[in-house]
Amino acid sequence: MKIEGLFPEINEIKNVDLRSKVEHSLEKAIKQGGWNEQDLHRIPFTLLIPDLVNEDLSVKISIIEHIRVVTQMCIATYEKYDQLGLGDKLNRDELIAGGLLHDVGKFIEYERDENGCIIQTAEGKFIRHPAMGLELVYEFDLPLIVRQAIVFHSKEGDKISRLKEVEIIHRCDFLCFAPIKQIFEEN
Ligand SMILES: [Fe+2]
């Protein structure tokens with residue numbers, strides 16, 4: 001499975017070493033989760049919006065689409081900061097890497113049950129994807145920003161001071177969740 005084909009945004013990472021670590025992290029997560037390419041597009045990005053899943057078990061917004069959109073929002077945010085003359089205050093490569101990897105743990109937090117429905121694994125319920133993701137990528141020695149994005153992008157990080165890039169990832173992630181939840185609840 002070509003990571004670059006699933007997540008073309010990976011090509012925006014200029015540092016070759018970081019790009020390869022991101023690629024290996026995603027590969028490992030998908031492999032460990034036991035997902036094939038077709039399955040990946042049938043994983044909803046969250047289990048908190050039941051209407052994301054259609055009757056035929058296809059999904060309206062997959063985890064792949066969510067990760068890509070969050071990363072694209074991070075890149076767009078970087079561009080706005082650059083317009084404000086603040087581009088050099090952010091690490092663009094690590095911001096993109098963090099966007100691509102923030103939900104890496106979801107590939108092992110979720111599994112398919114005997115009816116074909118996506119559910120949380122037993123470990124997933126008690127450890128959740130942020131900690132599972134950090135544990136999963138340990139061997140790749142990722143930069144601090146990227147590791148913090150994985151472990152503290154969500155509510156786990158609410159009492160932690162997030163790094164600037166992680167603050168952006170956290171907010172883009174939330175933008176790609178809370179209003180969407182409202183939209184589905186309206187219908
Ligand atoms: Fe996310």
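The values are calculated or read from the model by the stated rules, or taken from the named source; none is laboratory data. Everything numeric in this text was worked out from a predicted model, so none of it was measured. Cβ sites come from the backbone with ideal geometry, for glycine too, and all protein chains shown count toward neighbours.
For the reader, a short list of remarks on this structure follows.
- Criterion (within 25 Å of L163 (Cα to Cα), touching a residue at least 60 places away in the same chain (Cβ under 8 Å) and either within 16 Å of the ligand (Cβ to nearest atom) or in contact with a strand residue (DSSP E or B) (Cβ under 6 Å, 6 or more places away or on another chain) (or both)) met by exactly one of E94, E9: E9
- Any hit, region 19-28, residues being within 16 Å of the ligand (Cβ to nearest atom), at negative phi, among the aliphatic types (A, V, I, L, M) and surrounded by 14 or more Cβ atoms within 10 Å (Cβ to Cβ): yes
- Among the residues listed as L100, L142, L136, L95, the single one being buried (at least 18 other Cβ atoms within 10 Å of the Cβ), touching a Gly at 6+ places or on another chain (Cβ under 7 Å) and either hydrophobic (A, V, I, L, M, F, W, C) or more than 14 Å from T46 (Cα to Cα) (or both): L136
- If you go through region 57-71 and keep only what is within 13 Å of the ligand (Cβ to nearest atom) and either modelled with pLDDT under 95 or of a type outside the set (D, E) (or both), you end up with I61, S62, I63, I64, H66, I67, R68, V69, V70, T71.
- Within region 166-187, residues that are without any contact (Cβ under 8 Å) to a residue 24 or more places away in the chain and buried (at least 18 other Cβ atoms within 10 Å of the Cβ) reach partners that are not in a helix (DSSP H, G or I) and not acidic (D, E) with beta carbons closer than 9 Å, at six or more positions or on different chains, in the pairs H170/H102; H170/H153; H170/S154; H170/R162.
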